[in-house]
Every structure is written in structure tokens, then in C-alpha cells.
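Report on one structure; see the data block that follows.
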Amino acid sequence: MGVPGVQQPASGYGHNNFSCETHCAPQLADTKLVRVSSEFLAEIDKETTAAHFTYGELEENDEDLAKLRGWFDKFAARDRLGATGRDAAVKALKECSHALDGFAEAVYAADLDAP
């Protein structure tokens, strides 16, 4: 039994030589993190387009980004074989951080412009 979407090791690799927990799981986590990061960026874009620049929205997005970072850190600590999606996950987190910084600036600017 394998993990959907992840190529399994060739026969001859024993459990002692290959563990899906240490190899497949980090790859899947990095792939999912990139997907969830895309969803995060779409949410920031949606709120920006709607000019929904509130502190509540900023706090919610900041919490979501903190969860993504925590998730990445947890899986990175368990990755002993160097998951192939690591660079894409790191890049995605940087893009999310940059987008949130821009959104925060818009929230602060909207607050200054408020009557």
C-alpha cells in the first residue's frame, strides 16, 4: 500500500532502508504547503481587491501565516532525506510573508485615512 501521488521505492528496499514517514510525508507536506500558500495569497488578493483593510482581517491572516510557518517547521524537523519540494515551500512562505506585509501597510494606511 502506497501514498497516492508518491512513487514508492523499488522492490528490494526494506523497511529499514526506506520509510515513507521520513521520505514521502515531508514531500507531501511541502506540496500541500505550496497549495495552501496559494490559497493564502488568493485570500490576501481577494481582501485587497475588496479594500477590506481591517485590523481583524490582518490579525486573521497573520494567524494563518503563523500556522503555515509552524507547519513547515514541524515537517522540516522531521525531514531527514531532503524533501524535493523544500525550495518551493520556502519560496511560497516568503511570498506569503511579503503579501501579508503589503496588506498590513494597506491596513495601517486605511487607518490613517479614516475620519
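The values are calculated or read from the model by the stated rules, or taken from the named source; none is laboratory data. As the structure is a prediction and not an experimental result, all values here were calculated from the model. Cβ coordinates were reconstructed from backbone atoms using ideal geometry, including for glycine residues, and neighbour counts include every protein chain displayed.
How many residues, within region 80-110, are over 12 Å from the mean Cα position of the chain (by Cα) and either among the hydrophobic types (A, V, I, L, M, F, W, C) or part of a helix (DSSP H, G or I) (or both)?
If we filter region 80-110 for residues that are over 12 Å from the mean Cα position of the chain (by Cα), which is where we start, we get 80-84, 98-110.
In the following step, the residues that additionally are either among the hydrophobic types (A, V, I, L, M, F, W, C) or part of a helix (DSSP H, G or I) (or both) were identified as 81, 83, 98-110.
Counting residues in region 80-110 that are over 12 Å from the mean Cα position of the chain (by Cα) and either among the hydrophobic types (A, V, I, L, M, F, W, C) or part of a helix (DSSP H, G or I) (or both) gives 15.
Can you tell me which of Arg86, Arg69 is within 18 Å of Lys32 (Cα to Cα) and surrounded by fewer than 17 Cβ atoms within 10 Å (Cβ to Cβ)?
Arg69
What do you reckon, is Thr49 at negative phi, among the polar types (S, T, N, Q) and at pLDDT 95 or above?
yes
Here are some conditions: (1) within 19 Å of the chain's Cα centre (by Cα); (2) at pLDDT 75 or above; (3) outside any helix (DSSP H, G or I); (4) of a type in the set (Gly, Ala, Ser). Ala66 meets all but one. Which one does it not meet?
Checking Ala66 against (1) within 19 Å of the chain's Cα centre (by Cα); (2) at pLDDT 75 or above; (3) outside any helix (DSSP H, G or I); (4) of a type in the set (Gly, Ala, Ser), the one that fails is (3).
Kindly list, by first and then second residue, each pair from a residue in region 43-72 that is closer than 17 Å to Ala110 by Cα to a residue that is among the small types (Gly, Ala, Ser) and part of a helix (DSSP H, G or I), limited to pairs with Cβ atoms under 6 Å and residues at least 6 apart or on different chains.
Going by the 6 Å Cβ cut-off, the qualifying pairs are Ile44/Ala99; Phe53/Ala106; Phe53/Ala110; Leu58/Ala104.
Give the residue, chosen from Ala77, Ala92, that is surrounded by 13 or more Cβ atoms within 10 Å (Cβ to Cβ), farther than 30 Å from Leu112 by Cα, among the aliphatic types (A, V, I, L, M) and at pLDDT below 95.
Details: Ala77 fails: surrounded by 13 or more Cβ atoms within 10 Å (Cβ to Cβ).
Only one candidate qualifies: Ala92.
Quick check, is Glu59 surrounded by 12 or more Cβ atoms within 10 Å (Cβ to Cβ) and in a helix (DSSP H, G or I)?
Working: surrounded by 12 or more Cβ atoms within 10 Å (Cβ to Cβ): no; in a helix (DSSP H, G or I): yes.
So Glu59 fails the test.
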